[in-house]
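Written below as structure tokens is the structure these notes are about.
What follows draws every value from the coordinates through simple rules; no lab data is involved. Everything numeric in this text was worked out from a predicted model, so none of it was measured. Reconstructed Cβ throughout: ideal geometry from the backbone, glycine too, with neighbour counts over all protein chains shown.
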Amino acid sequence: MPEKILIVDDDIDSLKLIGLMLQRQGYEVAAANAGNQALPKALAEHPDLIILDVMMPDINGYEVCKRLRANPETKNIPIIMFTAKTLIDDKVIGFEAGADDYLTKPTHPSELASRVKAVLARSANTRRVEAPTSSRGMAIGVLGAKGGVGTTTIALNLTTAIAQSGKENPIVADFRLGMGTLGLYMGMGRSTGMTNVLSKPTAEIRPQLLETELVAHVAGFRALLSSSRPRDAMMNFSPDALSAVINGLRTLGRPVVFDLGSGFNPIVARVQREMDKLLVVIDPNGVTLAVARELIRELDANAPGRTNVVIVNRAQSSTQTPWQEVEQLLGQEIRAIISAAPELAFQAAEAGKPIILMQPNAIVTNQIMKLADLVAAPQGAGGSEMLA
Ligand SMILES: Nc1ncnc2c1ncn2[C@@H]1O[C@H](COP(=O)(O)OP(=O)(O)OP(=O)(O)O)[C@@H](O)[C@H]1O
Ligand SMILES: [Mg+2]
């Protein structure tokens, strides 16, 4: 199989020229013509090497390079930076940003060929032996912009919807230590699996142990629940224990949905990078939007270039919120809207049953099923249209 090379350059002529050179040398070629396309393209194409132009109008190559290095899926892909400049300073910045090699424009085909070959050979030698990502379940974090916006409700119903689709074996995990309401919404309030697991030494937190703490729901998913004993909120555990829980669950469930509570709390700060997708739940209130805007900035700073998906919960058609203005305010596209269904939500909570099982034909059920399709799709896939 030929090695695949992703070329990122805003200049179409340059893209074509380099693409052609590489194709003639027997490589498979993928292209992106803007900096912000590089990461999604890399996630979708799994290239063996990325050739990155430095000067691009939207995001420059150094920034793109940093984002690629910050993502666990793309951090080991070798990068050759490509620039019209020959200044030594630029090379230093490039290497600091994580580039493997440097080329200056215009480049002779033979020079391009020899650099590409050298970098690919080096990376084949040093390639770390890691479990292929496809054998691990996707990690989906659900985080409220503030408390009470419906984070737990979304996490539970999303997992139920994925289970309903029949293809997968999802797990939902509650990281709300001492405030675990997930089990209550599932009609299984007494289980405290997460608390039990986190009280063990990190080395003991393995899939076998996690398996014994999972509870099964009739709807076809399993759950790792947190206690609702208030004191457990102050529990001490090492940050590595969180990673051990996430990694272990990812060997058991496909995908794993995490209730991360709300705000930029210590758990989300620590595990954000381990989430393949992070769903930020908001509601259409001014106060929520104000804190959501700050939260999204903080999340972007903590883990640049990650997939954040904004979901509006409890939307009311009577108050026509101008979504475009909200998107502008948040600096982030709204990817799903879940209608307000207060009576149904109330009944479901009383019955200890996910909303979508209470009323399979409700509008909210349909909206949550669509959300499940969107988030359970492989990374980089999925349309950009809004789901309403
Ligand atoms: N789409 C909806 N329509 C109407 N009510 C909803 C909707 N989604 C959730 N609710 C209700 O809103 C309340 C809060 O939901 P939930 O407990 O899921 O929020 P949360 O953000 O997880 O809260 P916490 O910050 O306490 O963890 C619950 O009473 C729930 O039934
Ligand atoms: Mg909650």
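In whole angstrom, the chain maps to an equivalent ellipsoid with semi-axes of 41, 24, 18, each derived as √(5λ) from the alpha carbon gyration tensor and ordered largest first. Within straight-line reach of K105, meaning a Cα separation under 17 Å, sit the following aspartates and glutamates at least 8 residues removed in sequence or on another chain: D9, D10, D11, D13, D53, D89, D90.
Among the trypsin sites (Lys or Arg not before Pro) within the range 159-245, those in coil by DSSP and having at most 15 neighbouring Cβ atoms inside 10 Å are K167, R190. Relative to the longest principal axis of the Cα atoms of the chain, the long axis of helix 88-97 lies at roughly 30 degrees. Other residues whose C-beta falls under 14 angstrom from the C-beta of S262 contribute a net charge of -3, scoring Lys and Arg +1 and Asp and Glu -1. For I338, the residues whose amide H sits under 5 Å from its own are V312, N313, R314, A315, ignoring neighbours fewer than 5 places away on the same chain, with H placed 1.01 Å from N.
With helices as the sole contributors, the chain gives -12500 deg cm²/dmol at 222 nm; each DSSP H run of n ≥ 4 counts as -39500 (n - 2.57), and the sum is divided by every residue. Stokes-Einstein diffusion coefficient for the range 4-126 at 37 °C in a medium of 0.692 mPa s, Rh from the Kirkwood formula over Cα pairs: what value in µm²/s? Rounded to a whole number, D works out at 234 µm²/s.
Net charge in the neighbourhood of A70 (other residues with Cβ under 13 Å of its Cβ; Lys, Arg +1, Asp, Glu -1) is +2.
Please report the antiparallel percentage of DSSP beta bridges with both residues in the chain, rounded to the nearest 5. Percent antiparallel among DSSP bridges in the chain is about 10. Mind listing the long-range amide H neighbours of M81? Cut-off is under 5 Å, sequence gap 5 or more, other chains count too, H placed in the peptide plane at 1.01 Å from N. When sequence neighbours closer than 5 places are left aside, the close amide H contacts are L52, D100, D101, Y102, L103.
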